[in-house]
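Here is the structure we will look at, set down as structure tokens.
The values are calculated or read from the model by the stated rules, or taken from the named source; none is laboratory data. Since this is a predicted model, take the numbers as computed values, not measurements. No Cβ is skipped: glycine too gets one built from the backbone with ideal geometry, and neighbour counts run over all protein chains shown.
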Amino acid sequence: MTMKIKTATMLTAAGLLAVGAQAGTITEVQEPADGEKSHEEIFEDIFGGDFSSDGDNGFTDGSIDLVRVDDNDDQVYNFISWSAEAHAVWAKAWQMFGTSDDGSLLNVEGEGDDASGSLSDVVGDGSVVFGRFGDEFLTSDVFTDPTLNGDGLDHVVTYRYVGTAGEGGEEQVKYFLFFEDLLDGAPRHDFDYNDLVVEIEGVVPEPTSLALMAIGGLCMLRRRR
């Protein structure tokens, strides 16, 4: 299934494109079901050590900061290339990961902390929408852009890993995407956002390219007016 995103965008933090929405929206994450792990516990499994709240919906262990991304700012990613690694699956159903343009690209193996699977050096077009793809329990795939979801709700909570740096003058950015795989009203939907956890590392355009993208976006807005 292929879907193109046709909406005016503006540049925000490295790697992200804000999609015409007001800032300041943070989706509430519910407590995990019995036997499942919370976001804090999942980060402890990934990095080791002890994490705690940073007081602003993210987590820190004193040296690593995992900053919660505003829900209006984690919908579209301006990556020219990206890689992905699955870290956890706390769901009854199997999980697949990909993009709205390319469909499923990765079949995640295993459950719980034993989930695994990766993608390397996937070419992006500067406007990437990530998605989690179907199983026998799901009536629709879910994407980082909630307008593509069957219930219109946000099915991804995102954290930005602070401190990554790239080589060759290109900025490296890293995000952790926590998916809720069941649509609102489906049996067992709980919105604890731990059904699939994927780490994304992307390469964003150099500053000159970013400026050209911004100018192009302004031109599109002027033409529409």
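Observations
- On inspection, residue 57 qualifies as surrounded by fewer than 21 Cβ atoms within 10 Å (Cβ to Cβ) and outside any strand (DSSP E or B).
- In the condition set (1) under 17 Å from residue 198 (Cβ atoms); (2) surrounded by 18 or more Cβ atoms within 10 Å (Cβ to Cβ), residue 83 is compliant with all but (2).
- Residue that is farthest from residue 134 (Cα to Cα), among those in region 146-189 that are of a type in the set (A, V, I, L, M, F, W, C) and at pLDDT 90 or above: 176
- Meets criteria (assigned to a loop (DSSP other than H, G, I, E, B) and surrounded by 18 or more Cβ atoms within 10 Å (Cβ to Cβ)) for residue 50: no
- Residue in region 173-206 that is surrounded by the fewest Cβ atoms within 10 Å (Cβ to Cβ), counting only those that are aliphatic (A, V, I, L, M) and not in a strand (DSSP E or B): 186
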